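Chemist: Pasting in a structure now, in structure tokens, and then I'll have a few things to ask.
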Ligand SMILES: Nc1ncnc2c1ncn2[C@@H]1O[C@H](COP(=O)(O)OP(=O)(O)O)[C@@H](O)[C@H]1O
Ligand SMILES: [Mg+2]
């Protein structure tokens, strides 16, 4: 079991309720997309799984432990096994790409190796290999404040690939990328999860990316799970309900209309169809 949430509720410090009665079981090796409108609670849910916030109600188990019953030392060890891709990676502005990627293993290294790696990279081949997977090999020594939003997001992904965690969490990891780079990046997260048999949970703004890459899709709205379905069962009606979209426009990576109608029908209507991913 990768994680188990039972009747989770979350009220933020300012009194804002973000999640309500979330119950979710995920076994090892699943690939899950969380979709839903802005403010639905996607980031809050991922932060609970990342053990960075404690839920106000309910029980949480991540990688077979209850994070909130662990000692400080044990919690640190658990967190080193969880990889998080942030929507806006918190990278110090003048840090170089290589250092940002090396940071993926700081939680696993003894303190002296971590400290030394800030002065001189403890490993060069490893970060280069991960950056190459994201088409950033030539940016190894680039300062992060000279990179675009989409490049920074890929640095965040390279960091988590370098970390080799037992649970991969990604919060809108491709929101600043064009469709081709988004596909490349999700493909790499996907193949990492598949090769190592670890669970991948990603919140995604773009419905087409979610349906194309993730076998299980969870719809979140106003802090509640409104559906939890195999991607092939996610119908146009279900999506329209989720986004309460009267106009029928669903968010996609390239802002083009999306339909989940059968291919022939969609072609007639001149709409884009969700196609299965290429073989990795
Ligand atoms: N740190 C916070 N403090 C107070 N309220 C928050 C905080 N983070 C999120 N919220 C609120 O919780 C709800 C869910 O937000 P969030 O989890 O960020 O949703 P999403 O990622 O789906 O856009 C929203 O109403 C948001 O305003
Ligand atoms: Mg969010």
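Each reported figure results from applying straightforward, stated rules to the coordinates on display, with no laboratory input. The structure displayed is predicted, hence computed values, not measured ones. Here the Cβ is made from the backbone with ideal geometry for all residues, glycine too, and neighbour counts use every protein chain on show.
Chemist: May I ask you to sort 114, 203, 52 by Cβ crowding, counting other Cβ atoms within 10 Å and putting the fewest first?
Modeler: In order of increasing Cβ crowding within 10 Å: 52, 114, 203.
Chemist: Size of the range 91-211 along its principal axes in angstrom, Cα-based, largest extent first?
Modeler: Projected onto its principal axes, the Cα set of the range 91-211 covers 44, 32, 20 Å.
Chemist: Further question on the same structure: For the chain, what is the percent of antiparallel DSSP beta bridges, rounded to the nearest 5?
Modeler: 50 percent
Chemist: While we're looking at this one, here's another question. By counting other Cβ atoms within 10 Å of each Cβ, how are 233, 113 ranked from fewest to most?
Modeler: 233, 113
Chemist: Two decimals is fine: what is log10 I(q)/I(0) at q = 0.11 Å⁻¹ for the range 1-121, from a Debye sum with one equal scatterer on every Cα and no solvent?
Modeler: So the normalised log intensities work out to -0.47.
Chemist: If I model the range 1-48 as equal point scatterers sitting on the Cα atoms and use the Debye formula, what is log10 I(q)/I(0) at q = 0.14, 0.18 Å⁻¹?
Modeler: Log10 of I(q)/I(0), two decimals: -0.38, -0.61.
Chemist: Please order 195, 99 by the number of other Cβ within 10 Å, starting at the fewest.
Modeler: Ascending Cβ contact count within 10 Å gives the list 195, 99.
Chemist: If the elastic network links every pair of Cα atoms under 10 Å, which of 137, 202, 13 fluctuates the most in the Gaussian network model of the chain?
Modeler: Highest fluctuation of the listed residues: 13.
Chemist: From the convex hull of the Cα coordinates of the range 180-236, what is the mean projected area in square nanometres?
Modeler: 4.4 nm²
Chemist: For the chain, what is the calculated [θ] at 222 nm in deg cm²/dmol (nearest 500), taking -39500 (n - 2.57) for each run of four or more DSSP H residues and dividing by its residue count?
Modeler: About -10000 deg cm²/dmol.
Chemist: How big is the chain by the Kirkwood estimate over distinct Cα pairs, in Å?
Modeler: Value: 19.6 Å, from the Cα pair sum.
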